[in-house]
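Notes for the one structure printed next.
The values are calculated or read from the model by the stated rules, or taken from the named source; none is laboratory data. Please read these numbers as outputs of a predicted model, since none were measured by experiment. Cβ coordinates were reconstructed from backbone atoms using ideal geometry, including for glycine residues, and neighbour counts include every protein chain displayed. We work out accessible area using only protein heavy atoms, side chains counted, and drop any ligands, DNA or RNA first. Shrake-Rupley method; radii C 1.70, N 1.55, O 1.52, S 1.80 Å.
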Amino acid sequence: MTDCHHFFESLESKCKQVISLLEENDVGKAVNIIKEGSLSFEFPSQTEIYGYEHLNLQPILDAIYIIIAKFEEDLEDRAYNWDLIQTEKETQISNEQKEMMQDILHSLFVVHNLKSNFCSTFSRNFDFDNEDIADIYLDEAIAAKKAGYTRNATKAHYKRMMEDQTLLHVDAVRLLGWNHDRYSLENIVSGTVSTETCVDSESLVEEVCDKGLFETTPSKIPGNPLIANSASDAACNLGQNVKEILSNSGYTLSSTSRILHETIRLSNSNCASSGRFLFDSKRIYSANSFFNHRHSAWQQYFHLQQIIGNNALFLLALVFLFGVSIEYNDLADAIGTESIKTFFDAKILRRHPFRDSLIIGEVQIYPLDVSSFQFDVIENNIENNDKYEVGLYMTDWPMESLRLNRDAIMPIGYDSLELVALTSGLDLFSNSGCESKKILDLCCGCGVQGIHAVLSSFYKRKTGISETRLELLSMDINRRACHFATANSCFNFSFDKDMEEKRLETNIIIHSVQGDLYTPLKGSQNDAAACIGKFHYIFTNPPFVAVPFTKCIGTMSPAFYSAGGGMDGMKILHKILEKYFEFLEQDNYQNSSLYMVTELPNVEECPNLLLSMLPANITSHVRVAYIKDDVELVEEYVEEREIEAGLHIESRDWKPSLEIRNRALVLVSISQNEGESLKELHCYQSSAEEKNESFDYADADEEDAFLTRDGILFSRNKLL
């Protein structure tokens with residue numbers, strides 16, 4: 001009993017000492033005493049804590065939370081100031097500053113580890129249940145990852161999943177990237193191998209997959225000096241096989257959306273009790289929408305089996321859309337072991353790191369019917385009754401895994417789908433007197449924007465053959481994204497030998513290039529004259545989240561930090577617009593354009609803002625469309641970013657020189673114009689009838705108005 005009292009007194013005393021130093025802004029000394037082991041305690045055993053269940057330990061826990069909050073506040077200050085230094089003064093951060101940042105990240109992990117041990121050991125004192133303890137272990141895992149301690153992060157995830165067995169199924173994607181065999185993983189979580197902190201991400205985690213569907217081969221673009229990458233023959237064969245398995249299972253947007261709707265209906269007591277059926281084949285959901293309901297999908301597993309059936313489609317949707325781990329034998333019964341082997345060979349499926357009987361999807365596979373945005377073609381082209389293809393697009397799960405966040409591929413959100421819906425209205429094959437059309441997908445991510453525009457144009461035509469050759473170049477600064485873009489081309493441009501569309505391969509050429517915006521397109525002199533060739537169309541969905549981020553410690557940033565738009569959200573946008581005319585084909589002003597989706601401040605004035613970013617010596621035609629209901633006041637926007645970042649960023653994400661009133665997602669088209677510069681601003685407001693039909697079930701999920709029939713027609717009419 002005396003030993004436990006001594007433990008509590010010592011722990012509280014050390015916490016108060018650290019708090020005192022942090023309140024005096026002596027972060028260096030606070031870090032040093034933590035590094036010396038002042039907050040590393042040997043916790044009492046269950047036998048020793050008997051009789052202490054009713055002791056008030058809240059003051060100690062409060063002290064631990066204060067330490068965490070103060071360290072996080074200091075991290076935020078440093079990240080913000082580093083951005084100011086690098087952005088405005090263009091100076092480099094010193095090694096001493098970087099070391100201090102790493103020391104703070106280490107200290108945060110130590111304190112989170114202390115919190116986990118304290119709360120799990122004395123859970124009865126706080127009336128914590130298994131879910132509460134699991135959440136605390138998640139905090140520790142994230143802190144460990146930010147510090148670069150992969151072993152500790154993995155061990156925290158293991159403890160978390162042992163506390164709440166449901167997490168073995170719904171959160172296994174957090175363990176993706178593990179690059180060693182199961183034995184080494186079991187030794188780490190069991191304590192056989194030392195989990196001493198060390199920056200070991202490079203050796204334990206696979207950041208970029210270059211095997212299976214992701215295998216590429218260097219290829220030279222015809223007539224150009226640029227060496228790019230294209231999918232290897234082996235990857236194309238795998239893509240065809242995987243697509244065939246999914247297609248045979250009916251893996252389409254409409255069929256998987258029905259599963260999503262049933263999941264929502266079963267988890268929504270109001271809708272379930274009223275008996276209203278939520279499914280509407282006209283609604284288009286983002287990949288995020290499926291993933292956000294993964295817990296509900298697992299909890300309603302048996303109910304969904306009764307409604308949909310324990311069939312291949314249902315199981316594949318759980319694995320590749322909801323991110324849920326399922327039993328290997330269940331999927332084997334549905335699609336066969338050979339099909340599962342194909343998924344393993346393609347590197348899109350793997351065994352669960354903690355349980356051999358379970359399997360998890362390495363990637364999210366989002367199906368998007370080409371017909372989703374081609375209702376005008378289907379209705380008007382009566383003679384063409386060909387079956388429309390299903391586009392399949394792989395991307396990373398919208399959840400932190402063991403991989404570095406800066407390498408994660410952004411999920412397919414409503415912003416990407418808005419741009420896809422707009423550009424699907426183009427006929428890229430239209431004969432304009434040129435032998436080939438070149439399309440640049442800039443900041444391509446998984447490649448959905450460029451690939452789907454090409455796929456849509458192909459299926460618009462009565463025959464698959466066109467005299468015009470399409471050359472699509474997908475570019476991203478992220479090497480992982482380039483591999484995803486070529487892998488997604490395997491899905492969508494691999495055809496059976498018996499299909500007439502086989503000759504499509506001679507009409508469409510797809511490459512990917514890793515690079516920072518336009519840099520790979522320029523010669524050694526960095527001049528436009530050495531450019532590999534002009535583009536008829538440029539599609540881009542640039543990073544636009546307005547938050548400060550730091551490049552120096554890549555592990556500390558949430559995923560969207562690494563893809564952030566700088567302190568005002570427009571850092572990348574400025575770079576794109578100031579140079580893009582150098583790479584745009586000028587022979588025909590009517591057809592050469594940039595199409596973009598992004599966020600802009602002060603939406604009522606954004607055409608003027610965009611014109612100010614363009615070269616002064618070029619006359620331009622700028623057209624912008626936005627949704628009235630999507631305009632957010634700056635206070636609302638900042639609050640959302642705080643929640644996403646887990647930081648109290650308040651108004652710091654705006655440069656003081658900008659008077660920001662509101663912010664909105666916008667669709668943009670820009671082309672060169674003869675004569676004077678022109679600007680157009682178009683506001684879309686849903687009709688009362690459309691609102692009643694599309695938004696009747698607000699609890700079901702969010703729906704974007706630019707993805708409704710009227711919204712798509714509006715944007716195409718104003719921008720194309």
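Here are the criteria: (1) touching a strand residue (DSSP E or B) at 6+ places or on another chain (Cβ under 8 Å); (2) modelled with pLDDT of 70 or more; (3) not acidic (Asp, Glu). Tell me which single one LYS579 does not satisfy.
(1)
For region 300-352, name all the residues that are of a type in the set (A, V, I, L, M) and in contact with a strand residue (DSSP E or B) (Cβ under 9 Å, 6 or more places away or on another chain). Don't jump to the end; show me each part of the working.
Taking region 300-352 first, the residues of a type in the set (A, V, I, L, M) are 304, 307-308, 312-313, 315-319, 321, 324, 326, 331-332, 334-335, 340, 346, 348-349.
LEU315, LEU316, LEU318, VAL319, LEU321, VAL324, ILE326, LEU331, ILE340, ILE348, LEU349 - these are the residues of region 300-352 that are of a type in the set (A, V, I, L, M) and in contact with a strand residue (DSSP E or B) (Cβ under 9 Å, 6 or more places away or on another chain).
How about region 262-294: which of its residues are open to solvent by less than 50 Å² (accessible area, probe 1.4 Å), part of a helix (DSSP H, G or I) and either in contact with a strand residue (DSSP E or B) (Cβ under 9 Å, 6 or more places away or on another chain) or modelled with pLDDT under 55 (or both)?
CYS271, ALA272, ALA287, PHE290, PHE291
Kindly check whether there is at least one residue in region 147-156 that is in contact with a Lys or Arg (Cβ under 6 Å, 6 or more places away or on another chain), of a type outside the set (S, T, N, Q) and in a helix (DSSP H, G or I).
yes
With the structure loaded, tell me whether SER339 is closer than 23 Å to PHE484 by Cβ, open to solvent by 10 Å² or more (accessible area, probe 1.4 Å) and among the polar types (S, T, N, Q) or whether it fails that test.
yes
Which helices (runs of 4 or more DSSP H) sit wholly inside region 366-461 and have at least 1 residues that are modelled with pLDDT of 90 or more and under 21 Å from the mean Cα position of the chain (by Cα)?
414-423, 448-460
Could you please give the count of residues in region 609-661 that are at pLDDT below 65, part of a loop (DSSP other than H, G, I, E, B) and open to solvent by 90 Å² or more (accessible area, probe 1.4 Å)?
4
Name the one entry in LEU667, LEU681 that is surrounded by 15 or more Cβ atoms within 10 Å (Cβ to Cβ), aliphatic (A, V, I, L, M), at pLDDT 90 or above and touching an Asp or Glu at 6+ places or on another chain (Cβ under 7 Å).
Details: LEU681 fails: touching an Asp or Glu at 6+ places or on another chain (Cβ under 7 Å).
Answer to the check: LEU667.
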